[in-house]
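One structure is given below, encoded as structure tokens.
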Amino acid sequence: MLKEYIQKFVDEKKIPGAVIHVQRDDEVLFHHSCGGYKARDGSYHSITKDTIFDVASLTKVIATLPSILVLLAKGEIALEDPVQKFLPDFQYDSVSVYHLLHHNSGLPADLTPPVQRGENRNILLEVYRSRLQYVTGEAVVYSDLGMILLGEIIQKVSGKSLDRFVESEIFQPWLMDNTCFNPSKELLPIIASTEMVEEQYVQGEAHDEKAFLLSGVSGSAGLFTNVMDLVQYAKFWLGISTQSVIPSEWMDLCHTLLFQHRGLGFEVWSGIEPLLSCGRRWSVGSFGHTGFTGTSIWMDPNEKLFVVLLTNAVHYGRHSHVRELRLGVHDLVYGMYISN
């Protein structure tokens, strides 16, 4: 049923293809890949478990969040530290590391006007000069800008760029060998292309315009990975596999519901509106994140269940059907493997 549901999206050209992994504790319940994509050179490639995707905003929880947790656990930063302590060019002393992680800093969702790939803009300077849109702490507005700032904090505190820090502190010890920013040209044959821009598919370069202008490395977007690396990632978050990089109490805090369907970094299902992309059937306290290109990961700590769903949905344009796909997939997973 799940296989047929996803295939229908491919057949109707709502998505070019996908790879999905469903697991409960140590048991793999479902793993499937289908469809494919056109590469930059016009050749066609099938999607497999080895296909590397631009995961867009999953960067926020795969790279930036764990990196911040490492620094928190080491005592090199604190949640209550003001952003200005590390980034003096940021103009508000009321905004803390906690606010950036919780998306309630007051910062807008994005830069205005929207960034285009061919522009010559100083993204960091624009982020530093962005004006708060609401009183810090009084609302939740999912913001790329806050996560870009967190990436800069990681660099300032560690003395390493975000890509180098997360490689050594997270990806290597967590055995996520296929996860990186700015993948090498040798990997191009297995990297799914994203959107067509100026009559050429974007492939192996960050789809997100701000990340692209930040040389491919941003706390908000720009990461590339494959399904099996995200399986490894999810198993650590659910305690299916053990790790010693981040203390469990810090990881648990990230998916503790704090305010308006959010923990630190993650969305957390509260059981009430707004409806998140895991659908209504998942346990209250399930947590996850999505990426604009078509990627998502959802984890249910009550059931030790997780779903990694990767597709390059923007291959057919930005008005994609990926939200419909996600809701249907996660409802089906629960109905097939949990409710029954």
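Across segment 196-223, what is the total count of residues that are under 20 Å from D41 (Cα atoms) and at pLDDT 95 or above?
Let us first name the residues in segment 196-223 that are under 20 Å from D41 (Cα atoms), namely 196-207.
This time we only want the ones that are at pLDDT 95 or above, so: 201-207.
Qualifying residue count, segment 196-223: 7.
Does S339 qualify as being surrounded by fewer than 21 Cβ atoms within 10 Å (Cβ to Cβ), at pLDDT 95 or above and either farther than 27 Å from I52 by Cβ or not polar (S, T, N, Q) (or both)? So S339 fails the test.
Looking across segment 31-57, the residues that are part of a loop (DSSP other than H, G, I, E, B), touching a Phe, Trp or Tyr at 6+ places or on another chain (Cβ under 8 Å) and modelled with pLDDT of 95 or more come down to A39, I47, V55. When T64 is tested against (1) of a type in the set (S, T, Y); (2) touching a strand residue (DSSP E or B) at 6+ places or on another chain (Cβ under 8 Å); (3) within 17 Å of L214 (Cα to Cα), only condition (2) is not met.
Just to be sure I understand, how many residues within segment 172-207 are open to solvent by less than 40 Å² (accessible area, probe 1.4 Å) and over 19 Å from the mean Cα position of the chain (by Cα)? Talk me through it step by step, then tell me what you get.
We begin by selecting, within segment 172-207, every residue open to solvent by less than 40 Å² (accessible area, probe 1.4 Å); these are 174, 176, 179-181, 183, 191-195, 201-204, 206-207.
Going one step further and asking which of them are over 19 Å from the mean Cα position of the chain (by Cα), we end up with 201.
Matching residues across segment 172-207 total 1.
Number of residues in segment 293-326 that are at positive phi and surrounded by fewer than 24 Cβ atoms within 10 Å (Cβ to Cβ) equals 2.
Taking segment 267-292 only, how many residues are part of a loop (DSSP other than H, G, I, E, B), of a type outside the set (S, T, N, Q) and either farther than 24 Å from E27 by Cβ or open to solvent by 60 Å² or more (accessible area, probe 1.4 Å) (or both)? Write out each step before concluding.
Step one: list which residues in segment 267-292 are part of a loop (DSSP other than H, G, I, E, B), which gives 269-286, 292.
Now narrow it down to the ones that are of a type outside the set (S, T, N, Q): 269, 271-276, 278-282, 284-285, 292.
Next, from what is left, pick out any that are either farther than 24 Å from E27 by Cβ or open to solvent by 60 Å² or more (accessible area, probe 1.4 Å) (or both): 271-276, 280-281, 284, 292.
Final tally of qualifying residues: 10.
The set of residues in segment 66-91 that are within 23 Å of the chain's Cα centre (by Cα) and either polar (S, T, N, Q) or closer than 13 Å to L149 by Cα (or both) comprises S67, I68, V83. Per the listing V22, V28, V10, the residue uniquely part of a strand (DSSP E or B) and open to solvent by less than 50 Å² (accessible area, probe 1.4 Å) is V22.
Checking each residue in segment 58-93 for being hydrophobic (A, V, I, L, M, F, W, C), part of a loop (DSSP other than H, G, I, E, B) and open to solvent by 20 Å² or more (accessible area, probe 1.4 Å) picks out A78, L79, F86.
Filtering segment 221-236 for residues that are over 30 Å from H315 (Cα atoms) and touching a residue at least 60 places away in the same chain (Cβ under 8 Å) leaves a non-empty set. Taking segment 131-171 as the range and being surrounded by 20 or more Cβ atoms within 10 Å (Cβ to Cβ) and at positive phi as the test, no residue passes.
Condition first: touching a helix residue (DSSP H, G or I) at 6+ places or on another chain (Cβ under 9 Å) and either part of a loop (DSSP other than H, G, I, E, B) or modelled with pLDDT under 95 (or both). Now tell me which residues in segment 293-312 satisfy that.
Initial filter on segment 293-312 (touching a helix residue (DSSP H, G or I) at 6+ places or on another chain (Cβ under 9 Å)): 293-301, 303, 305-311.
Hits for segment 293-312 are T293, G294, P301, E303, T311.
Keeping to segment 256-266, report how many residues are part of a loop (DSSP other than H, G, I, E, B) and either surrounded by fewer than 22 Cβ atoms within 10 Å (Cβ to Cβ) or of a type in the set (F, W, Y) (or both).
Counting residues in segment 256-266 that are part of a loop (DSSP other than H, G, I, E, B) and either surrounded by fewer than 22 Cβ atoms within 10 Å (Cβ to Cβ) or of a type in the set (F, W, Y) (or both) gives 7.
Taking the condition surrounded by fewer than 15 Cβ atoms within 10 Å (Cβ to Cβ), within 23 Å of E209 (Cβ to Cβ) and small (G, A, S), does G118 pass?
Values: surrounded by fewer than 15 Cβ atoms within 10 Å (Cβ to Cβ): yes; within 23 Å of E209 (Cβ to Cβ): yes; small (G, A, S): yes.
Against the criterion (surrounded by fewer than 15 Cβ atoms within 10 Å (Cβ to Cβ), within 23 Å of E209 (Cβ to Cβ) and small (G, A, S)), G118 qualifies.
Working carefully through the options P247, P274, P189, find the one that is more than 25 Å from G17 (Cα to Cα) and touching a residue at least 60 places away in the same chain (Cβ under 8 Å). Answer to the check: P247. The set of residues in segment 327-336 that are open to solvent by less than 20 Å² (accessible area, probe 1.4 Å) and under 19 Å from the mean Cα position of the chain (by Cα) comprises V329, H330. The set of residues in segment 94-114 being assigned to a loop (DSSP other than H, G, I, E, B), in contact (Cβ under 8 Å) with a residue 60 or more places away in the chain and open to solvent by less than 30 Å² (accessible area, probe 1.4 Å) consists of H103, N104, L111.
The values are calculated or read from the model by the stated rules, or taken from the named source; none is laboratory data. The model shown is predicted, which means the values in this text are computed figures rather than measured ones. Don't worry about glycine lacking a Cβ; one is built from the backbone with ideal geometry, like all the others, and counts go over all protein chains shown. All accessible areas refer to the heavy atoms of the entire protein, side chains included, with ligands and DNA or RNA removed. Shrake-Rupley method; radii C 1.70, N 1.55, O 1.52, S 1.80 Å.
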